[in-house]
Each structure stands twice: as structure tokens, then as C-alpha cells.
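This report concerns only the one structure given below.
Only the coordinates and a few stated rules stand behind these numbers; no lab work does. Note that the structure is predicted; figures quoted are calculated from it, not measured. Reconstructed Cβ throughout: ideal geometry from the backbone, glycine too, with neighbour counts over all protein chains shown.
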Amino acid sequence: MTNPVSARPTIPDWYPDPRSEAPLRYWDGESWTTHVAPLDLGRQLAEAKTHRPWYKKKRILGPVGVVAVVAVFAVLGQIPADSSTSSAPLSVVHSG
């Protein structure tokens, strides 16, 4: 990676603003954009990446999954057997 102040960087990322208008400015790989950010952007991005939605947290998903499986088995256990599909053996009739 090159020094963004003296030469153009090649990788799209946040770099020190060459215009000194803001602490950081975004380089899109071809030119400087109008997007600027504070110096603590790295910390903010790290915090955003570590934040997980409620449905991805194991302490929520695990118990909800267990309850769902138990409910499915409870419902399946209460379904009456259909009389047309009894397990009685079929008799074979020989004609002769």
C-alpha cells in the first residue's frame, strides 16, 4: 500500500484526508470520495462488527430451538392415526 498523502493508494479504504478537511477520507480505488470520518472510525467499525442481532445470539437461539423441537414432537404425538392406514396385514386371496 502506498502513502495516500504523497501518492494515490490502490486499495479502497479510509485514509488520512489529503485535503486536511477531515481526519479520514474514503478512497474508492479510483478517486477520493466526499465521505469523511472521525479518527476513531476504526473503533466504531470494530464495535459494529462485534454487535450481533438478537437472533444470532446463542443464548436466545438455543432455548428457542429446544422449545420449537419439543412443540413439534408434542403435536406429532397427539395426531390420531387414520383408520384407513391401519397396520393390519393384508390377506392374499388365491383363486383357483
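Loop-located trypsin sites (Lys or Arg not before Pro) across the stretch 9-43 with a Cβ neighbour count of 13 or fewer within 10 Å are R19, with loop assigned by DSSP. Shown for L76, L39: other C-beta atoms within 10 Å of each C-beta, ranked fewest to most, produce the order L76, L39. In terms of other Cβ atoms within 10 Å, Y26, Y15 run from fewest to most in the order Y26, Y15.
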